[in-house]
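Structure first, commentary second.
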Amino acid sequence: MFLRDVLTCWGKEFRLYFQSRIVYLLLFVYAAMAAVFTLYASDFYNNTAVNLYQFFRFQPGIAAMIVPALTMRLWADEYRHNTLEVLLAQPISYAAIATGKFLAAWSIAGIMLVSSAGFWLIVGVMVPLDNGWIAANYLFTFLMAGSLCAVSAAVSAFCYNVLAAFLSSLAVCIVLAAARFSSWAEKFMPDNLLIMQLSKAFDFGQQYNDLISGQARFAAVAYFVLVIGAALWVNIIAVEYKRS
Amino acid sequence: MSLRLGKNIKLVYMGVGIAVLTAALIFCLNLVVGGYWDVTADDRFGLDKDTVKWLEDNKYGVNIRFYVSKDLAQKDVALAGYADYVRRLLAEYQRRSNGQIKVSAVEVVPFTSSQTEAERAGVKEFAAPDNKKYVYLGLSFTDENGRTLAIPQLAPERRDELESDITRLLSVLTANRRPRLGILSPYFRAAEQKNPLRYAENLPFVDQLETLGYDVVSLSKTSPFVPEGIDAVLVFYPLNLEEEALYALDQYLMWGGKVMVMMDVLAEERFKEKEMFIGYNSGLQRLLKNAGVLYREDVLAGDNSNSRELMLSGHFIKYPFWLIVTNDGIAEHPVMKGTKKLFLNHSGFFEYTPQQNLRTTVLFSTGENSGALPAVKAINLTYDGLLKDYLLTDKRYPLALLIEGKFKSLFDRPIVSSAQILAEMPPFLSLPLKEGTLLLVGDSDMAAAALWDAKAGQKHDAFAAATLSDNMRFIESALDYLTQSGYATVARKPDEKPRLNMSDVFYRLAAGVYQPQKKAIADELAEIRQQITEAKERLAALALPSAKQIKNLEELQRTEADKENELRRIAYLTEERYQNYLSWFAVAVIGGLPLLWVLLVWGIYRIYERRVRRRAEEYVK
């Protein structure tokens, strides 16, 4: 029942993305940005890594900029079109609605990620690559993008218009993806073991790097899954709060 | 957004509760869950079973300090990636060591105490491969007694050997004693200079052996005995060995000694030595014959299939005497553990007949498509000479033998009469006391750095050598076997896929377009240069050259200059085409592929939309 509700909600949101046409622009911008960063922000031609590290290392940054644009209208549009009350009055749980919306945004993020598969294919034909490692990295990047989608969706659930939703979730995503807590802790409090451990545990970039390094730590996978779970929960609370 | 806390305090509490709970879970998981999933094709983060076994058996504490330059990523991204890999591998050592190995990282900042500490530990600054900025990236190992060994620089080219190096140093550090290796060679003249710990010739493999845990001493060619406390003797390129040395080796074997001999019919690395040209005489033939072995000191072994390429008389050919020994010719034996590819230059071969009380094992040999050539013909060999004189025999030639058992003595009484020397040396044995071991190798060039170190010729530390072949590994493994060193030897990681950059690929593509043209001009140029040399010789022979002859020479030189210009033009065109390829690739990846993808997604959605509309229309009808 719950799954059917989620799927219904997902289908509706997913179709809406394509009707708004903005998704095509985002797809293009993402693929072009990823290629530019890979080719020009690193020594890709002279130092082609077997795991396409030059491509994956920029993904959190790019995702932090693109994902808010995907999630900004998830809830704000409902307010704008006055459809939130109607939606919440349906015989469907808030959890199913929040999950469906999140999954729709995550699916679009997945389609974006797949857009770079052509690059993988072309490079793979020209130089030998570790394809298993790259496939795993795609999976981990998808997971990372999912966590940003969930956080971004939760933030946007608190906002009433699209621009506010975009800006606030952009700020949150950039802080999450770009702030290197462990580097700060190493710089300012290298002797405080607890702070060091805490900073490492919550460092989004560090956790992502742990995943794509080839030695994917289970704790890092759990980190992203937990972030998704917690953000979804906060999302549901936000909806309940608005409803009340 | 407005929060009405009074009314929704329960929801706010719930939100905060979720955040705290998630944070606690993440923190605990990071502390408790140490497992990982190695997603690499070559299992690069896992440790070899021999390393794991060594770590489990080890009972001594070792502190490993990992010295890394601060902000390494800003100085060299690739090196920073390698440093990250080393860090992860060291963490695995610590995890598997039952608390005996402790790893700590030190960030090295120039002109601070961290730099002094790194230098004191033996870590050295080096130029990063990419941008030549000076960085620190090294390891030090300290045991419970404060004894320290170091890998002064961690070279990324040695990535496949990293685990092997670390495990080796750990086992050397925790070993009770270092095996003592005596080297007997015309290139080790130190003993006569009364300084037994120094050797005269610069042989990098000896440096490597010392780093890998051997105490190397030089043995005198004129001494009739091997001094006490020597665990094995390495006879390197024996040349006209004296009777005393023969006697010393004979008696050493009778007492159960271990001897490795690296002979050479045509020592390429010793070309400057005149002895090579007038025929080789090791002086060991009697000793070998006694063990049922014949080393042909005037014939070379060749292999048509497994050999390296060489330009001979203008023909680019597989030169049969630059041998590559691969798995096909390598026996399964502890000595050959981890050896997959050996390079030998102008090697001799062995013939043997089994002897009573002796076990003979062929360690490695040529492939099936092999032949032989008299050594004298190999000097100044031409392509036609090779075709004429090289005999294909379709048999495998043994290139290294291991003989173990009770050897017979060559001598029936001591050859020494001096009472003083007799008192110093062990008593004469005509019958063996213990089983001895004799390991024979048909080529000494294989120990030359040029055949095992891709960076040979550059001044670098032993741990920065880049593996070209397993020659050094074979020597190390053979000596470990002979001395029973007990050192851990770990097979290096499987060969990584050949490193190829996009840049290389595009350049090759661009160069390929002009290759036929370039080759034709290069051939013409070689011919013209030959003609110029001949013309110059003719002119030099004449007392008064004619004007026509001089004009002819000038004409040839003009043509040579034109051809050189054409070659430069081709180089320029190649570079231009290469740059074009890079631009096209960038345009395709940045613009073309995203556009194609967008069109594809749009097309799929349009098809889906049309189907839905058609269904809706049918429903309305």
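The values are calculated or read from the model by the stated rules, or taken from the named source; none is laboratory data. Small disclaimer: the values here were computed from a predicted structure and weren't measured. Methodologically, a virtual Cβ is constructed for each residue, glycine included, from the backbone with ideal geometry; neighbour enumeration extends over all protein chains shown. Ligands, DNA and RNA are excluded from the accessible area calculation, which covers all protein heavy atoms including side chains. Shrake-Rupley method; radii C 1.70, N 1.55, O 1.52, S 1.80 Å.
Here are the numbers for the structure shown:
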read-out: Answer residue from region B:364-386, given it is of a type in the set (Val, Ile, Thr) and either open to solvent by less than 10 Å² (accessible area, probe 1.4 Å) or not in a loop (DSSP other than H, G, I, E, B) (or both) and is nearest to B:Val261 (Cα to Cα) among those; value: B:Thr366
read-out: Matching residues in region A:158-174 - criterion: being hydrophobic (A, V, I, L, M, F, W, C) and modelled with pLDDT under 90; value: A:Phe158, A:Cys159, A:Val162
read-out: Candidates B:Ala491, B:Ala454, B:Ala478, B:Ala450, filtered to the one that is over 12 Å from the mean Cα position of the chain (by Cα), away from every other protein chain (no Cβ under 14 Å) and open to solvent by 20 Å² or more (accessible area, probe 1.4 Å); value: B:Ala491
read-out: Residue within region B:365-381 that is in contact with a helix residue (DSSP H, G or I) (Cβ under 9 Å, 6 or more places away or on another chain), free of Cβ contacts under 8 Å to residues at least 40 places away in the same chain and over 24 Å from B:Asn281 (Cα atoms) present; value: no
read-out: Those residues of region B:538-563 which are surrounded by 14 or more Cβ atoms within 10 Å (Cβ to Cβ) and either in contact with a strand residue (DSSP E or B) (Cβ under 6 Å, 6 or more places away or on another chain) or basic (Lys, Arg) (or both), in sequence order; value: B:Lys563
read-out: Filtered residue count, region A:120-132, keeping only those that are open to solvent by less than 10 Å² (accessible area, probe 1.4 Å) and modelled with pLDDT of 90 or more; value: 1
read-out: Residues that are of a type in the set (S, T, N, Q) and in a helix (DSSP H, G or I), drawn from region A:141-167; value: A:Thr141, A:Ser147, A:Ser152, A:Ser156
read-out: Test: residue in region A:190-200 that is more than 13 Å from chain B (Cβ to nearest Cβ), open to solvent by 70 Å² or more (accessible area, probe 1.4 Å) and free of Cβ contacts under 8 Å to residues at least 24 places away in the same chain; value: yes
read-out: Top-ranked residue of region B:11-63 - restricted to ones that are assigned to a loop (DSSP other than H, G, I, E, B), within 7 Å of chain A (Cβ to nearest Cβ) and in contact with a helix residue (DSSP H, G or I) (Cβ under 6 Å, 6 or more places away or on another chain), ranked as most open to solvent (accessible area, probe 1.4 Å); value: B:Ala41
read-out: Qualifying residue in region A:127-140 (condition: more than 10 Å from chain B (Cβ to nearest Cβ), more than 28 Å from A:Leu87 (Cβ to Cβ) and part of a helix (DSSP H, G or I)); value: yes
read-out: Matching helices (runs of 4 or more DSSP H) fully within region A:1-85 where at least 3 residues are within 14 Å of chain B (Cβ to nearest Cβ) and closer than 30 Å to B:Ala80 by Cα; value: A:22-40, A:53-56
read-out: Odd one out for B:Arg568 among (1) open to solvent by 80 Å² or more (accessible area, probe 1.4 Å); (2) within 13 Å of chain A (Cβ to nearest Cβ); value: (2)
read-out: Hits in region B:79-116 (condition: hydroxyl-bearing (Ser, Thr, Tyr), modelled with pLDDT of 90 or more and in a helix (DSSP H, G or I)); value: B:Tyr93, B:Ser113, B:Ser114, B:Thr116
read-out: Residues of region B:325-360 that turn out to be basic (Lys, Arg) and in contact with a helix residue (DSSP H, G or I) (Cβ under 7 Å, 6 or more places away or on another chain), as a count; value: 2
read-out: Sole residue being open to solvent by 10 Å² or more (accessible area, probe 1.4 Å), more than 7 Å from chain B (Cβ to nearest Cβ), farther than 30 Å from A:Ala135 by Cβ and not aromatic (Phe, Trp, Tyr), chosen from A:Ile228, A:Ile236; value: A:Ile236
read-out: Which listed residue is facing chain B (nearest Cβ under 10 Å), modelled with pLDDT under 90 and outside any helix (DSSP H, G or I), from A:Ala216, A:Ala222; value: A:Ala216
read-out: Filtered residue count, region B:108-150, keeping only those that are open to solvent by less than 20 Å² (accessible area, probe 1.4 Å) and polar (S, T, N, Q); value: 2
read-out: Any chance A:Cys173 is in contact (Cβ under 8 Å) with a residue 24 or more places away in the chain and not in a helix (DSSP H, G or I); value: no
read-out: Elements of type strands (runs of 3 or more DSSP E) in region B:195-287, at least 2 residues being within 18 Å of B:Ile475 (Cβ to Cβ) and modelled with pLDDT of 90 or more; value: B:232-236, B:258-262
read-out: Test set (1) outside any helix (DSSP H, G or I); (2) in the same structural domain as B:Trp584 (by TED's automatic domain parsing); (3) of a type in the set (Val, Ile, Thr) - B:Thr533 fails condition number; value: (1)
read-out: Boolean, B:Ala423 is open to solvent by less than 20 Å² (accessible area, probe 1.4 Å) and modelled with pLDDT under 95; value: no
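Here is a yes/no grid of residues against (1) in a loop (DSSP other than H, G, I, E, B); (2) open to solvent by 10 Å² or more (accessible area, probe 1.4 Å):
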| site | (1), (2) |
| --- | --- |
| B:Gln356 | yes, yes |
| B:Val362 | no, yes |
| B:Lys388 | no, yes |
| B:Leu401 | no, no |
